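Single-structure report; data block below.
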Amino acid sequence: MTTTTVPEFQHRTVLLDEAVDALALDGARANGVFVDGTFGRGGHSRLILSKLGPDARLIAFDKDPQAIATAGQITDPRFTIVHDSFATMREALAERGLNKVDGILLDLGISSPQVDDAARGFSFRNDGPLDMRMDTTRGMSAAQWLATETEQTLEKVIKEYGEERFAFQIAKAIVARRAVEPISTTRQLAGIVAGAVKTREKGKDPATRTFQAIRIFINKELEDLEVGLNHAYDSLAPGGILAIISFHSLEDRMVKRFFASKANVEQPDRRLPIRAVDLPQPELKLLSKMKPSDREVDENPRARSAVMRVARRLPIPSLQEGA
Ligand SMILES: C[S@@+](CC[C@H](N)C(=O)[O-])C[C@H]1O[C@@H](n2cnc3c(N)ncnc32)[C@H](O)[C@@H]1O
C-alpha cells in the first residue's frame, strides 16, 4: 500500500456557513444522505458532519490523493470518502446502496494547497514541475501535453478556457520553444507566455489566463462539471438541494444554464387542448445566488470570484416540506 504524505498547506473554505446553511440540515433532513463532491481539505464536510444526526451519511469525493489522505483522518462512521471525480457520483452512490440523496455540494476548482505547493505545478509564481493534475495517479501532466499537442489545439484551449486574446501568439511561442528544449517547469512556461502577451491587465500576471486554461483542460474540469451536473440532478431525491460554488465565468455559465434548463420550462400554446396535469413541469426551483461578503474577500482574497447557486429538486414532497 502506498501512503500519501500531505504537506502542511492550509485551505480556507469559501462560503463555509452559507454553503452548509444552503443544504438545510435541519428537521428530518438532518438524518438524510448528503454528498460533498469536492472534499479538498474538508472544511465543508467537517461542518456538515457537525450538524448531521446520528443516522445521516456524508459521501465525499475528490480526485486529489492528498485530499483523500486528509479525509482518511476522519474516523466518523457516517462519513465515506471516494477517490474519484464527482462525475462518477451516480455509480459510486449506487455501489453503496444509495440511490437518492438529500443534498449535494460542489465547491469547484482547485484548493489552496494545490496552488501553494510548488511541487504540484499549478502556480506560475513558484517554480515547480509543470504537472497541474489534481489526480496525480492518472492522466497526462501539463508538460506531457504541451510537448505533444498541435499548435491549433493549444491555441483553441488557451483561447476558450483562458479567454485569452493572445492565444495564437502563445501557442506559437510554445511550439517554437519546445523545438529547442522541453518545457518542463512552471516558471519556464510563465516566461514564454509573458514574452507572447503584448498588453498587460492591471493586477494580473500575464500567465494567469494560460495557466487557468491548461489546468481546466488537463483536469477535464468542464467535461466533469457537465457530467457531474447530470449525475447530481439524477441523484437528488425530491426536495433535495444542489449548491454549487464556481470560481470563473465558464463554470458559472454552465451551472446557470443547467439550472435554468430544469427550472424554466417552456409552456405550450395556451390555446392547445392540453390538460393542466399534462403540462410540462419545472424540475428545479432556483433558491438563491450568492457571493462572498466584502469581509470574507478581505480576509481571503481567493474568495473574490466565487459565486454560489442553489436549487431544489421538484416536486417537493409535503413530508419534507414541513420538516
Ligand atoms: C475549492 S477545493 C474544495 C475545498 C473544500 N470545500 C474545503 O472546504 O476544503 C476543490 C477541490 O475539489 C477537487 N475537485 C475538483 N474537481 C473535481 C472533480 N471533478 N471531482 C472530484 N474532486 C474534484 C479538487 O481536487 C480540490 O481538492
Ala28 being at pLDDT below 95 and not β-branched (Val, Ile, Thr): yes
Collect the residues in region 127-158 that are over 25 Å from Gln169 (Cβ atoms) and touching a residue at least 60 places away in the same chain (Cβ under 8 Å), keeping them in residue-number order. Arg133, Met134, Asp135, Thr136, Thr137, Gly139
Can you find a residue in region 132-148 that is away from the ligand (no atom under 11 Å from the Cβ), in contact with a helix residue (DSSP H, G or I) (Cβ under 6 Å, 6 or more places away or on another chain), aliphatic (A, V, I, L, M) and assigned to a loop (DSSP other than H, G, I, E, B)? yes
Scanning region 114-128 for residues that are within 16 Å of Gln212 (Cα to Cα), outside any loop (DSSP other than H, G, I, E, B) and of a type outside the set (Val, Ile, Thr), which turns out nearest to the ligand (Cβ to nearest atom)? Gln114
Kindly establish whether Asp64 is surrounded by fewer than 19 Cβ atoms within 10 Å (Cβ to Cβ), within 11 Å of the ligand (Cβ to nearest atom) and either under 16 Å from the mean Cα position of the chain (by Cα) or among the charged types (D, E, K, R) (or both). no
Would you check if there is a residue in region 269-277 being surrounded by 12 or more Cβ atoms within 10 Å (Cβ to Cβ) and touching a residue at least 12 places away in the same chain (Cβ under 8 Å)? no
Of all residues in region 73-96 being without any contact (Cβ under 8 Å) to a residue 12 or more places away in the chain and within 14 Å of the ligand (Cβ to nearest atom), which is nearest to Gln10 (Cα to Cα)? Gln73
Considering region 158-183, residues that are within 26 Å of the chain's Cα centre (by Cα) and closer than 20 Å to Val115 by Cβ, and then whichever is surrounded by the most Cβ atoms within 10 Å (Cβ to Cβ), we arrive at Ile158
Those residues that are assigned to a loop (DSSP other than H, G, I, E, B) and surrounded by 10 or more Cβ atoms within 10 Å (Cβ to Cβ), I need them from region 192-203; list them, please. Val197, Arg200, Glu201
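The values are calculated or read from the model by the stated rules, or taken from the named source; none is laboratory data. No experiment lies behind these values; they were computed from the predicted model shown. Reconstructed Cβ throughout: ideal geometry from the backbone, glycine too, with neighbour counts over all protein chains shown.
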